[in-house]
Amino acid sequence: MIYSLSLLLILVGLYGVVVNRNVMKIVLSLLVMEHGVHLLLILIGYRAEGRPPIMDATTAATEFAANAVDPLPQAMVLTSIVIGLGVLALLVALCVRLYQRYGTFDVTRMRRLRG
Amino acid sequence: MIEVIAILILLAIAAAIIVVETTNLLFSVISVGAVGFLLAIIFLLLGAPDVAIVQIGVEVISLVILVRATMGRDVEPAVGRRDFVGMVVAVTLVVAIGLFGMQIFADFPEFGSSVMERVAQAPSNTYLREGLASTGTPNTVTAVLLDYRAYDTLGEVTVLFCAVMGVLAILRRKARVPLGGDDATEDRK
Amino acid sequence: MNGNPSNNGMGEIVETVARWLRGFILVYGISVVLYGHLSPGGGFEGGVVIACGFILLTLAGGEQQGQRFFSRRMALGFGSAGLLIFLVLALIGMGRADGAFLQNVIGTSDQAWFTLFSGGLIPLLNIGIGLLVASLLFLVFTLLATVGTAPEKEDPEGDDS
């Protein structure tokens, strides 16, 4: 089943988040998880032999509604992708600051919280 | 059609495994880019051109940001795994979630029949049928984003704004007016 | 990495070609934003394309070139202007008696379908969002990519308190 493949993508990302020691690779694994989630959402909204939900002047409304794929998950995934970029920027800024403070990317060596 | 999509997803999974496992940070970044581009092709095949455009553009920008952030900082490539107990816990967690998820997906309808075919009151049916008539835009995804679900767009704009303000606040250089005398600590206003 | 490549640019050939391409990319991005209600596109897509155009300029010409074209203050100003456009257009609908927030108050007739000036409030909202997304993403790139590639290690304040 094809949904399980996208679940596999999410799980590979989750494994990467839990196992890695380098904080930059944790960020990259989070990015992989996000990709998996977006893929799953768009897979759910697919209609077999469907066309994209954009009309042109020659389609009638009823046959368009019977043939197009679901526009709602696409809209939500679109906003989610742009938000993902903003979150990635915030995470990378945090990583840069961590490197400036501790001199390393290694999570097991960042032991002290600064008040 | 579904075989092509399945092969592409398998390629994306292979790239994701490279992201997680390799010890070189640059290879990981490039593989994340590969996952993103494969995903854009899959979106095109699934009939979502708007999402594909955004995915490619965002992937390019995030690749540039990531490469800039990781070059020159990998002085000691501190990659590696956690200890053995951590590994066992991680693998158990992932396998448990995987089995649980497969159980959920076994109840799903098969690939290709979406929600709106089975539930007549699904909002997507209304959007597709009356989208052009009530909003005047042939692009149903834009109509959904900016007319039917415009609150979500407002929320997204807010989140993006806050994230950028957060980056501005985190990466602020040292204070122009030194506080109290010692310049070695960060300024936190 | 030797030096800070974001300050030096990338040489004459790349810079010239990028300067030629800059106009095309910006026009393409603006057309994606404006025709967003007729073909695949819209505010987010077009904003991302315009941001990529600015990023190309910064990468090829060095940080000074990018800042001269579209500085940080301008980026912040345009981003806020885009957000304000969005909010003002959203609040217009509340002025009427039975209006609601974000209601599509500019009606369109049947004849105007599939042309550029159709769709009511939606193309204006697209413009606001495109402005916002383009300037914010370019601002993010400028902040993150010009922090400096050499590790500026402060004194680690390691294990003492």
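Quick notes
- Residues of segment C:28-80 classified as of a type in the set (D, E, K, R), buried (at least 19 other Cβ atoms within 10 Å of the Cβ) and away from chain B (no Cβ under 12 Å), total: 0
- Residues that are on the phi < 0 side of the Ramachandran plot and in contact (Cβ under 8 Å) with a residue 60 or more places away in the chain occur in segment B:108-116; there is at least one.
- Enumeration of residues in segment B:102-154 that are surrounded by fewer than 17 Cβ atoms within 10 Å (Cβ to Cβ), more than 26 Å from A:Ser6 (Cα to Cα) and of a type in the set (Ser, Thr, Tyr): B:Thr126, B:Ser134, B:Tyr151
- Only one of B:Thr142, B:Thr126 that is more than 7 Å from chain A (Cβ to nearest Cβ), closer than 24 Å to B:Asp50 by Cβ and without any contact (Cβ under 8 Å) to a residue 24 or more places away in the chain: B:Thr126
- Within segment B:69-82, the presence of at least one residue that is in a helix (DSSP H, G or I) and either within 14 Å of chain C (Cβ to nearest Cβ) or modelled with pLDDT of 90 or more (or both) is confirmed.
- Residue ID - nearest to A:Gln74 (Cα to Cα), chosen from residues in segment C:32-68 that are at pLDDT 90 or above and not hydrophobic (A, V, I, L, M, F, W, C): C:Glu45
- Tally, over segment A:57-92, of residues that are among the acidic types (Asp, Glu) and either buried (at least 23 other Cβ atoms within 10 Å of the Cβ) or at the interface with chain B (Cβ under 7 Å from one of its Cβ atoms) (or both): 1
- Looking only at segment A:33-53, and only at residues there that are at pLDDT 80 or above and of a type in the set (A, V, I, L, M), the one that is farthest from A:Phe105 (Cα to Cα): A:Ile44
- Some residue of segment A:11-32 being surrounded by fewer than 21 Cβ atoms within 10 Å (Cβ to Cβ), at pLDDT 85 or above and not hydrophobic (A, V, I, L, M, F, W, C): no
- Being assigned to a helix (DSSP H, G or I), more than 20 Å from A:Asp106 (Cα to Cα) and at pLDDT 90 or above holds for only one residue in B:Glu3, B:Glu59, and it is B:Glu59.
- For segment A:21-57, the set of residues classified as out of contact with any Gly (no Cβ under 6 Å at 6 or more places or on another chain) and in contact (Cβ under 8 Å) with a residue 60 or more places away in the chain consists of A:Asn22, A:Val23, A:Met24, A:Ile26, A:Val27, A:Leu30, listed by residue number.
The values are calculated or read from the model by the stated rules, or taken from the named source; none is laboratory data. These numbers come from a predicted model, not from an experiment. Methodologically, a virtual Cβ is constructed for each residue, glycine included, from the backbone with ideal geometry; neighbour enumeration extends over all protein chains shown.
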